Amino acid sequence: MLTKILSASHFGLEITPVDVEVNIFKKGFPGFNIIGLPNKAVEEAKERVKTALDNSGIEFPQAKIVVNLAPADIPKEGAGFDLPIAIGILASMDAVQLPKEKTMFFGELSLDGTLRHTKGVFLLAVGAKKLGVKRLYVPADSASEGSVVEGIKVFPVKDLMQLVENLHGATDIAPMKPKKISTKDDLIPEFDFNEIVGQAQAKRAMEIAAAGGHNIFMMGPPGSGKTMLARALAGILPPLGEEESLEVTKVYSVTGNIAPGESLIRRRPFRVSHHTTSRIGLIGGGSNPHPGEISLAHRGVLFLDEFPEFSRSTLEALRQPLEDGKVSITRAAGSVTFPAEFMLVSAANPCPCGYLGDPKRECKCSPRMILRYHSKLSGPLMDRIDIHISVPMIEPDKLAIFEHKPGESSEVIRKRVMKARDIQSKRFKKAGIFSNSGMKNKHIKEFCKIEKESLLLLKQAVNNYGLSARTYFRLIKVSQTIADLAGDSSIKQNHVAEALQYRIRESE
């Protein structure tokens, strides 16, 4: 008997419906075959399904079983086909009655018949709704992901027997109650800005970066507080908006980064990558492309400490995503595009030993070593970073923390940041962007009101310091953020002057 069960496979962030066709032959030698370009994980479903049925008290049929995953020309991967295959076999045996409504099954089986947390359920629910699916059966630990998608009933399944009895009508599985999308952020930052001694200019630069979503580069000797500043940044970022939260959750769902029982990602991502991270690990890729760190940092922060220690090819691969806010990966199986609108926060020492220009410690690096160290950071890459700051060593007399008068707390700074972001949200309501850093040249012309004196100062700086056209427009974006923090409706001369402080030093 032939049975068709609807399931799905994902390629990138897109869902492809898959018909799991199960046929049990009355004649022929017993066997169990899966066809339709399955990968190793799908092939191993044969043993998982057979053992799960046996341990659930269901006799596995001693017959020839063929499972076809259609369309057959699309590669299938993952353990999510376990449940639809098992239900297909049971339906072919007349052991269960399938719902009349359009139904989709998805989930990984344990050998004892329980369903394990399976990645990609949020993405699956979004795709299932577009396909007109009314009922979605998924593992109980993953059901919260799908419950935020309106217009589809998500049924949490604990084990195979519970589902069999439900399809028989013997027991009832209550669908998950639709969860309201809440972006309340209960983040407790690792570091508070009032814990950071000195570094007033660096703190101000971090506030501007957070308010406008700007990329920032810090250079300073070891122990000057670069890493602490970067980690404190997480505490002043505004919470994710509803649309932003959905975008981030898609990426985290497909990569399996949503913990069992959780649903939407509410906190802005803060990703930290070690300098040994590979190019694929940072950008994304693989035979069946998966998101990299830049996509996991979408709408959040990617912190790259020891910036020049990354391989040059890895750093150069950041150029296109920093400009476009997305990364496109092409493989034989097809092309996928992952979102990558993130704040790049990078930090570096002035030289390999870290003490170039230090008045008290001698630099032991040769000119060749220093040149090689800085050559990793190409001009086109650094041109895409909006804010460049120096983080000097703290003077010894300021390190007496017990006598130190705390500065502004992260909570106070965050309120200013959120106020500036609210201004930007209203400004770009119909433009499809969320912060000043996301503006293209056409948006700058449409939304930025710059005074004549400010424009003259900007042009003089471009002529005197040989700044590029890209830097020119990025300076306007930063100036607009400074104006938003000040509550001004136009870009004034002092806003441009402050923005120039964060670029001229690097360009000289």
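Read-outs throughout are calculated quantities, based only on the coordinates presented, and are distinct from any laboratory measurement. Just so you know, these numbers come straight off a predicted model, no measurement behind them. For neighbour counting, all protein chains shown are included, and Cβ atoms are generated from backbone atoms with ideal geometry for every residue, glycine included.
General observations
- The orientation-averaged projected area of the convex hull spanned by the Cα atoms of segment 439-508 comes to 4.2 nm².
- Helix 493-507 and the longest principal axis of the Cα set of the chain meet at an angle near 80°.
- Angle in degrees between helix 200-212 and the longest Cα principal axis of the chain, rounded to the nearest 10: 40 degrees
- Flagged links, alpha-carbon separation over 22 Å, of LYS429/LYS449; LYS250/LYS376; LYS26/LYS76; LYS203/LYS415; LYS100/LYS179: LYS250/LYS376; LYS26/LYS76; LYS100/LYS179
- Sorted by Cβ neighbour density within 10 Å, fewest at the top, the residues ILE433, ILE413, ILE280: ILE280, ILE433, ILE413
- Intensity falloff of segment 373-500 expressed as log10 I(q)/I(0), Debye formula with alpha-carbon point scatterers, at q = 0.16 Å⁻¹: -0.93
- Descending Cα extents along the principal axes, segment 2-168, whole Å: 45, 35, 27
- Among THR51, THR471, THR276, sorting on how many other beta-carbon atoms sit within 10 Å of each Cβ, with the fewest leading, yields THR276, THR51, THR471.
- Each listed q (0.07, 0.11, 0.13 Å⁻¹) maps to a log10 I(q)/I(0) for the chain from the Debye sum over equal C-alpha point scatterers, namely -0.49, -0.95, -1.16.
- The mean sequence distance of close C-alpha pairs (under 8 Å, at least 6 residues apart), as a share of the length of the chain, puts its relative contact order at 13 percent.
- At 0.692 mPa s and 37 °C, Stokes diffusion of segment 340-439 via Kirkwood alpha-carbon radius, µm² per second: 183 µm²/s
- ³J(HN,Hα), Karplus 6.51/-1.76/1.60, whole Hz, each residue of segment 412-426, x for Gly, Pro: 5, 5, 4, 4, 5, 4, 5, 5, 5, 5, 5, 4, 5, 4, 6
- Equivalent ellipsoid semi-axes - Cα gyration tensor, segment 230-338, angstrom: 22, 19, 12
- Unit Cα scatterers, Debye sum, segment 193-422: log10 I(q)/I(0) for q = 0.14 Å⁻¹: -0.95
- Sorted by Cβ neighbour density within 10 Å, fewest at the top, the residues GLU21, GLU195: GLU195, GLU21
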